[in-house]
Amino acid sequence: MLLPHSPAMARLGAFVRSHLDSHHVSRVLYGAIIGLALIFGLEHHPPTAHETTVALLATAIAVSLAEIFSDVIGTETRTHRRVQRGELREILAGSLAVAVGVAFPIVYFELAAFGVLKLGTAFNVAEWSGIALTAFYGWSAGRLAGQSRLASAVQACAVALIGVALIGLKVLTH
């Protein structure tokens, strides 16, 4: 159990602070939006839970490989030289962040595959957790940029409303 002032909570807090200070926030958010788009598309004619997992994994891999390829080519075009080892490590780390963003909802679909959740619930939880993630990043961005709590909350709500609008469009099309 994670207690409010436990070493595990301190490590979690340090990890979150470190992540929010990294360049990977935008990559995870980008991947999460891609994952949400895929989930919204699959939900109309839902495959099995395992098939959804495979679709998310395949998308994560494809987008990550596209990120690596485009970043390497873009860097070499812009700098007129081969990519350096340190640059390649950063490109690979950014690509991994995108993959994590895309693939995160796999957890819910594997829970559905093992009967812990119903498939419809897995889709709902995946959608709403993706929206919560975007809201968290919107809030964090506002606070780290020096905005007040109210302004950060407004920013978080504005970002989350984009996801809610997507869900609303989905509901209207059914």
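If each residue of separation counts as 0.36 nm, what is the full-extension length gain between ALA10 and LEU65 once their alpha-carbon separation is subtracted? Don't skip to the answer; put the middle values down first.
Numbers: separation 55, 0.36 × 55 = 19.80 nm, distance 3.41 nm.
The span from ALA10 to LEU65 would gain 16.4 nm if fully extended.
Rank the residues THR121, THR75, THR134 as a footprinting-exposure proxy: fewest other Cβ atoms within 10 Å of their Cβ go first.
THR121, THR75, THR134
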query = How far is it, in nm, from the label point at ALA165 to the one at SER18 when both lie 7 Å from their Cα along the line to the Cβ?
reply = 3.6
task = For PHE104, enumerate residues with amide H under 5 Å from its amide H, sequence gap 5+ or separate chain, H modeled in the peptide plane.
result = none
ask   = Between LEU117 and residues 5 or more places away or on another chain, which pairs have amide H atoms under 5 Å apart, with H built 1.01 Å from N, and which residues are they?
value = ALA112
note = Matching label for the computed Cα extents along the principal axes in Å, out of [x] 60, 40, 34; [y] 72, 50, 28; [z] 50, 38, 35, is [z]
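Quick one: LEU150, LEU144, fewest Cβ neighbours within 10 Å first, how do they rank? Intermediate results must be reported in sequence, preceding the final value.
Details: LEU150 9, LEU144 13.
Going from sparsest to densest Cβ surroundings: LEU150, LEU144.
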request  = Go ahead and estimate [θ] at 222 nm for the chain from helices alone: -39,500 (n - 2.57) per DSSP H run with n ≥ 4, summed, over the residue count, rounded to 500.
outcome  = -28500 deg cm²/dmol
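Laboratory data are not the source of any read-out in this text; all were calculated from the coordinates shown. Just so it is clear, the structure is predicted and the values come from calculations on it, not from any experiment. So basically every Cβ, Gly included, is an ideal-geometry build from the backbone, and we count neighbours across all protein chains shown.
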